[in-house]
Every structure is written in C-alpha cells, then in structure tokens.
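Here's the structure we're looking at; comments come further down.
The values are calculated or read from the model by the stated rules, or taken from the named source; none is laboratory data. Quantities reported herein were computed from a predicted structural model and do not represent experimental measurements. Don't worry about glycine lacking a Cβ; one is built from the backbone with ideal geometry, like all the others, and counts go over all protein chains shown. For accessibility, only protein heavy atoms count, side chains too; no ligands or nucleic acids. Shrake-Rupley method; radii C 1.70, N 1.55, O 1.52, S 1.80 Å.
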Amino acid sequence: MSLPPLVEPAAELTVDEVRRYSRHLIIPDVGMTGQKRLKNAKVLCVGAGGLGSPALLYLAAAGVGTLGVVDFDVVDESNLQRQVIHGQSDIGRSKAESARDSIREINPYVNVIVHKERLDSDNAMEIFAGYDLIVDGTDNFATRYLVNDACVLLGKPYVWGSIYRFDGQASVFWAEYGPCYRCLYPEPPPPGMVPSCAEGGVLGVLCASIGSIQVNEAIKLIMGIGDPLVGRLMVYDALEMSYNDIKVRKDPECAICGKNPTVTELIDYEAFCGVVSEEAQQAAAGSTITAGELAAMKESGEDFLLVDVREPAEWEIVRIPGAQLIPKGDLPSKLAELPQDKPIILYCKTGVRSAEALATLKGAGFSTAKHVQGGVTAWATQVDNDLPVY
C-alpha cells in the first residue's frame, strides 16, 4: 500500500547538491521534491555494526540531511569482515565516531549526530523523539523490543532487519498503518535458543543485502513512493538466492499496539528477554569457576573431565587443551557416557551456552559439575594470550 510522504521537502537544493544527486533527480518518482524530502529527513540508525554500516553509508550517499548514530561499542578486528564503515585504523575507536567520520567523507552535506551511549529504557524516548524514522541494526532481542515499543509509543516507523549465517529478514513496523514487531513476535525466544551472530556467525556480504533493503524502505517512506514493507516480512536465503514475501497481520491483542494494550511505557527489556534461563542461573550459582581457577586445577593435576559445548566449527578455531567436544545440542544424548566418579567442567565461548548446558547436567544428577565464566574467550585473554579470540 502507498503511504503519504513522511517528511516535508526542504526549501531548496544548492547547485552543488543538484550536481551530487543528479542521478536521483532525473528519476520521475524522485525528482527535486523527493530529494528535498531526503534533505529534510532525520534518520536514526541504532547500531553502527553489520547492518548499520551499509545502512549509514547509503543513507548518507542518498542525501538524508541528518543522520543519528547510536552505538556505545568500539571497533574490534573481528568486525571488519562485515562492518564496512570501519577500517583497520579504526580498531579500538568508538564505532559511532568512526561511522561519523566515514559518513562525512562520503557526503559532507550530511549532519551527523553521535549518541555514544547504550540505548536503554531511560534514554530511548528522548533520543528517538528528534528523528522521523528509526533504522534498527542491532542483533539482540532486548534492543529490538525496546526499539519497537519506543517507536509505537512515539508513533514512528521502525525499519527492521535481522541476519544470521546465510539468512536475512526485513520489514517495516508502523503501528499507525500495520503491525508492530510484537505482532510478529509476541514473546522473545527462550534464552539460548537463538544464537547471536557472535556465536553462530554471519556471511559478511549478507549485511549489505539486508542493510540496503532497509535503506530502500527508509527512502520510500521519506518520499511516500512505492509499496513499503508494512505488513510484509521479506525473507532472504543467500545460499538459494531466494526472496519470500510473507504477509504479517496486525494482532488486535498485541501487548502494545492492540485494542487493550498492557505495555504503556518502556519496561526492563533485559529481564523480559533474559540472557540465560532461570534454570541456568540457578545451576550456575555456586558452580562457576574462572579461567584462572581452571588453569590452577590443570596445573595441580586434578582429575576432571573438561567438556567444550560449542559447535565443531568453533572447536576448529580455538580450544582449551585437554577438552572433549560435546556440542550443547548433543549433550542430552551423551549423558550416559559421562563419568560419575569425577567432576565435569563445561565451557563455551563466553559462558552463556555452558550455563544452559550446566542446567542440563544438574538436572540429570551431576551435582558437582561446574562451568567456566567467560569461556574460551576468558582463557585466551587471561591465561594463554597466544590463542586467538573470535
């Protein structure tokens, strides 16, 4: 369905701007008026990572007048495989500041506003209020629900994208004209059920595919052209090179945009989504050791079984010496093979999956089992610096 333009046109384009945007201006559906709308638009990108990188670059190139960047993180070398707005010299820098400098290099006519802070329930409404629409480039459920709820409460469109390995999704959530994110996903998945990109990986170029779709949708909304992805979920499979369009209907019982909303203000989204399950928290209480404590146990010759619960591809990258690989998903079928006469110590990449696996062992009667806080990442950074961190 066609929607009215989101933004009024700016008063004029300068001669330099006309030269820069000439390939837009000769498109009948864009023209001078559409480009003036872009110039007058204020777009906030949540995250300057995998999706935020192409989104910010193309929004800037398109001539969006004001771009906001929310990101509290710093550039890490592992980001460079997909976060193309950053370069080698940016490692260790603020992502928001690095993104700002890249945007200015692409288009000096763009006003860049840096929000170098963590987005949360205390600041989201104030930050969002100054923008026309929100482009979400985050990779965690807590922030997605936060962004959605703030957009619904403020009446703003929410351009959403999601990536994992070879799969991507995109949609536009705008409660005034269709469903919101909660209509599609009323409840977050159980903690640990859906791995993050840091745990499961992502094909770098997939970020460009989904990020450019998000920009395309933002431009259509700003200008009021075409048929935006409101009420539709676009699903992309990079291996099959297929796109599927799925209808999404507004849920009349939605907790925030339904007939009788129960969510009328921003909530604690970390608690709503959970990092680890309640069972994992209980299992880990009193049964968690540090990487240094594990090293001391190994050095003293203590007899225990060290189990790596990550996936085989991760095992090939780096492992703690002496460990045995039993992926978390295989653990329930391997319980009978585990020793009852000595302690079992579990580890994963950062400690989240091993805490969930620990709950499985505790439930099966392995009362002395423990897991390593911080996982193999802590081992590589605190015990053996020669090992890689991924």
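Here the dipole of the chain is about 1000 debye; that uses its Cα centre as origin and unit charges on the Cβ of Lys and Arg (positive) and Asp and Glu (negative). Legend: residues Phe304, Phe166, Phe141, Phe72, sorted from most to least accessible area (1.4 Å probe; ligands, DNA and RNA excluded), read Phe72, Phe166, Phe141, Phe304. For the stretch 117-197, trypsin sites (Lys or Arg not before Pro) are listed when DSSP marks them as loop and at most 13 other Cβ atoms sit within 10 Å of their Cβ; the list is Arg118. Near the amide H of Gly68, within less than 5 Å, lie the amide hydrogens of Val43, Leu44, Cys45, Ile113, all on another chain or at least 5 residues away, with H placed in the peptide plane.
Measuring between alpha carbons in the structure, the pairs from Lys36/Lys156; Lys116/Lys250; Lys36/Lys247 lying more than 29 angstrom apart are Lys116/Lys250; Lys36/Lys247. Across the chain, Cα pairs under 8 Å and at least six residues apart give a relative contact order of 14 percent.
Tell me whether the stretch 251-365 comes out rounded, prolate or oblate; compute the Cα gyration tensor, take square roots of the eigenvalues as a ≥ b ≥ c, and use a/c under 1.5 as the rounded threshold. Taking the square roots of the gyration eigenvalues as a ≥ b ≥ c, the stretch 251-365 is prolate. Distance between the pseudo-spin-label points of Val15 and Asp120 (7 Å out from Cα toward the beta carbon): 5.2 nm.
Once the Cα-Cα distance is subtracted from the 0.36 nm per residue extended length, the Phe72 to Glu270 segment shows a gain of 69.6 nm. Each of Leu325, His371, Gln169 was placed along the dipole of the chain (beta-carbon charges, centred on the mean Cα), and the one lying farthest toward the positive end is Gln169.
Remark on Leu346: its backbone amide H falls under 5 Å from those of Val307, Lys370, His371, Val372, a criterion applied only to residues 5 or more positions apart or on other chains, H modelled at 1.01 Å from N. Using only Cα atoms and rounding to the nearest 10 degrees, what angle (0 to 90) does helix 141-154 make with the longest principal axis of the chain? Tilt of helix 141-154: around 30 degrees. The alpha-carbon of Lys328 sits under 18 angstrom from the alpha-carbons of these lysines, leaving out residues fewer than 8 places away in its chain: Lys349, Lys362, Lys370. Each 5 Å bin from 0 upward holds the following percent of the Cα-Cα pairs of the stretch 144-183: 6, 25, 34, 17, 11, 6, 2. Karplus-based coupling profile of the stretch 302-310, in residue order and whole Hz: 4, 8, 7, 9, 9, 10, 9, 9, 7, with θ = phi - 60° in 6.51 cos²θ - 1.76 cosθ + 1.60 and x standing for Gly or Pro. Amide H to amide H distances under 5 Å link Val74 with Lys95, where only residues 5 or more positions off or on other chains count and H is placed in the peptide plane. Residue-wise HN-Hα couplings along the stretch 160-165, as the Karplus relation 6.51 cos²θ - 1.76 cosθ + 1.60 with θ = phi - 60° gives them from phi, are 10, x, 8, 9, 6, 6 Hz; Gly and Pro carry x.
In the stretch 1-60, one over the average inverse separation of all distinct C-alpha pairs is 12.9 Å, which is the Kirkwood hydrodynamic radius. For the chain, the residue among Ala336, Ser300, Gly34 whose Cα projects farthest onto the positive side of the dipole built from Cβ charges is Gly34. Values of log10 I(q)/I(0) for the chain across q = 0.09, 0.12, 0.14, 0.15 Å⁻¹ run -0.60, -0.97, -1.21, -1.32, by the Debye formula with one identical scatterer at each alpha carbon and no solvent. When you filter the trypsin sites (Lys or Arg not before Pro) in the stretch 200-304 for DSSP loop state and at most 10 other Cβ atoms inside 10 Å of their Cβ, you are left with Arg249, Lys259.
Placing Ser89, Ser78 in order of accessible area, with the largest value first and a 1.4 Å probe, yields Ser89, Ser78. Of all DSSP beta bridges confined to the chain, the antiparallel ones make up roughly 40%.
The C-alpha atoms of the stretch 302-353 occupy a region whose extents along the principal axes are 30, 26, 18 Å, arranged from largest to smallest. The angle separating the long axis of helix 204-223 from the principal Cα axis of greatest extent in the chain is about 30 degrees. The convex hull of the Cα atoms of the stretch 154-264, projected and averaged over all directions, covers 7.9 nm².
Can you give the longest run of the chain that contains no GluC sites (Glu not before Pro) sitting in a DSSP loop with at most 14 other Cβ atoms inside 10 Å?
The answer is 13-116.
Angle of helix 95-106 to the longest C-alpha principal axis of the chain, folded into 0 to 90 degrees and rounded to 10: 30°. Sequentially through the stretch 319-325, phi angles give Karplus couplings (6.51, -1.76, 1.60; θ = phi - 60°) of 8, 7, x, x, 7, 10, 8 Hz, Gly and Pro residues having no value and appearing as x. Spatial offset of the stretch 293-368 relative to the stretch 217-235 amounts to 47 Å, using the alpha carbon center of each. Scaled to the globular estimate 2.2 N^0.38 Å, the Cα spread of the stretch 116-195, given as radius of gyration, is 1.09.
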